Amino acid sequence: MTIERRTIVHEGPGGAFESVFAADTADGAPRPGVLVLPNVLGQKEADNLVAERLAALGYAALAADMFGQGNRTTRQSADPAVFMNQLNADRGLLRDRLHAALAVLTAQPEVDAARTAAIGFCFGGKCALDLARSGAPVLGVVSFHGVYDRPDYDTVKPIKPKVLVCHGWDDPIAPPAATLGLATELTEGGADWQIHAYGHTAHAFTDKDAKARDRGVYYQPDADRRSWKAATDFLVELFG
């Protein structure tokens, strides 16, 4: 096995974007492709490592840039959510960027374009759900500690991609009412859906750098391990 990554600068709605692709180059056969959709801070090394982790499981993965080349923040930034908030205010633009990123993934020679999925973390979880809601030709999506508000455009019915939501029950960003609302939306949309809720678990439970317990944003190792197992089992079922 030889996992290699390459940086891909590509055009999309709003300008240039910089994403990172990872795949096992020892085997030239096309394999299922997975979009990795980043959190509030934008595309970063942590997302690249998730892409490599997926590549080691036999997939090809694109850690996708949603904010635009050079548009990144850190937890120490004056406004860590500045680029995310711009897309929250224009869900149509977010949808178009998601579809553009999926096109970049499927254009890679290592990818079987008929077998794709998406996983996302925090804001990326919203992105994964919006891919399904918007009719993107993916087989399934996974949201880790995502955000569940519906977009302001008409979504598709039925929602064809299978949906797995990995959720911290104590997440202040997605309280029980929002989680129930998502379940209702997915049911009314005809989706094949699952919600795995982890007790004593808040937001950002997969992020080892999240340590803001006072704000309900912190790492939870058991939920991290269990949700990754659920997601990888989901992908195995999805791709056969």
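Of all residues being open to solvent by less than 50 Å² (accessible area, probe 1.4 Å) and part of a loop (DSSP other than H, G, I, E, B) in the stretch 30-46, which is farthest from HIS203 (Cα to Cα)? Just the residue, please.
The first filter runs over the stretch 30-46 and keeps only residues open to solvent by less than 50 Å² (accessible area, probe 1.4 Å), leaving 31-43.
From what is left, the residues that are part of a loop (DSSP other than H, G, I, E, B) are 38-43.
Working: PRO38: 14, ASN39: 11, VAL40: 12, LEU41: 15, GLY42: 17, GLN43: 19 Å.
For the stretch 30-46, the residue satisfying everything is GLN43.
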(request) Could you list, in sequence order, all residues of the stretch 56-69 that are farther than 19 Å from VAL111 by Cβ and either surrounded by fewer than 15 Cβ atoms within 10 Å (Cβ to Cβ) or over 17 Å from the mean Cα position of the chain (by Cα) (or both)? (result) GLN69
(message) I'd like the residue in the stretch 133-166 that is of a type in the set (Asp, Glu) and in contact (Cβ under 8 Å) with a residue 24 or more places away in the chain and, out of all such residues, is least open to solvent (accessible area, probe 1.4 Å).
(response) ASP149
(message) Under 9 Å between Cβ atoms, which residue pairs at least 6 apart in sequence (or on different chains) link something in the stretch 177-191 that is on the phi > 0 side of the Ramachandran plot with a partner that is open to solvent by 30 Å² or more (accessible area, probe 1.4 Å)?
(response) GLY190/LYS157; GLY190/PRO158; GLY190/LYS160
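To keep it simple, each residue is scored yes or no on (1) closer than 23 Å to ARG72 by Cα; (2) in contact with a Lys or Arg (Cβ under 7 Å, 6 or more places away or on another chain); (3) open to solvent by 40 Å² or more (accessible area, probe 1.4 Å); (4) modelled with pLDDT of 95 or more.
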{"site": "ALA100", "(1), (2), (3), (4)": "yes, no, no, yes"}
{"site": "CYS122", "(1), (2), (3), (4)": "yes, no, no, yes"}
{"site": "LEU131", "(1), (2), (3), (4)": "yes, no, no, yes"}
{"site": "GLY168", "(1), (2), (3), (4)": "no, no, no, yes"}
{"site": "ALA197", "(1), (2), (3), (4)": "no, no, yes, yes"}
(message) For a quick check of your reading of the model, give me the residue pairs whose first member lies in the stretch 70-98 and is open to solvent by 50 Å² or more (accessible area, probe 1.4 Å), whose second is among the polar types (S, T, N, Q) and modelled with pLDDT of 95 or more, with beta-carbon atoms closer than 6 Å and at least 6 apart or on different chains.
(response) ARG95/SER134
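Consider the stretch 104-129. How many of its residues are more than 10 Å from the chain's Cα centre (by Cα) and either of a type outside the set (Gly, Ala, Ser) or more than 19 Å from SER19 (Cα to Cα) (or both)?
Taking the stretch 104-129 as the starting set, the residues that turn out to be more than 10 Å from the chain's Cα centre (by Cα) are 104-116.
Now narrow it down to the ones that are either of a type outside the set (Gly, Ala, Ser) or more than 19 Å from SER19 (Cα to Cα) (or both): 104-106, 108-112, 114-116.
Residues that pass the stated criteria total 11.
Assess whether ARG53 counts as being open to solvent by 10 Å² or more (accessible area, probe 1.4 Å), without any contact (Cβ under 8 Å) to a residue 40 or more places away in the chain and in a strand (DSSP E or B). Don't jump to the end; show me each part of the working.
Details: open to solvent by 10 Å² or more (accessible area, probe 1.4 Å): yes; without any contact (Cβ under 8 Å) to a residue 40 or more places away in the chain: yes; in a strand (DSSP E or B): no.
For ARG53, the condition - open to solvent by 10 Å² or more (accessible area, probe 1.4 Å), without any contact (Cβ under 8 Å) to a residue 40 or more places away in the chain and in a strand (DSSP E or B) - is not met.
The values are calculated or read from the model by the stated rules, or taken from the named source; none is laboratory data. Quick caveat, the model's predicted, so the values are computed rather than measured. Ideal geometry is used to build each Cβ from the backbone, glycine not excepted, and the neighbour counts take in all protein chains shown. Surface accessibility is based on the protein's heavy atoms, side chains included, excluding ligands, DNA and RNA. Shrake-Rupley method; radii C 1.70, N 1.55, O 1.52, S 1.80 Å.
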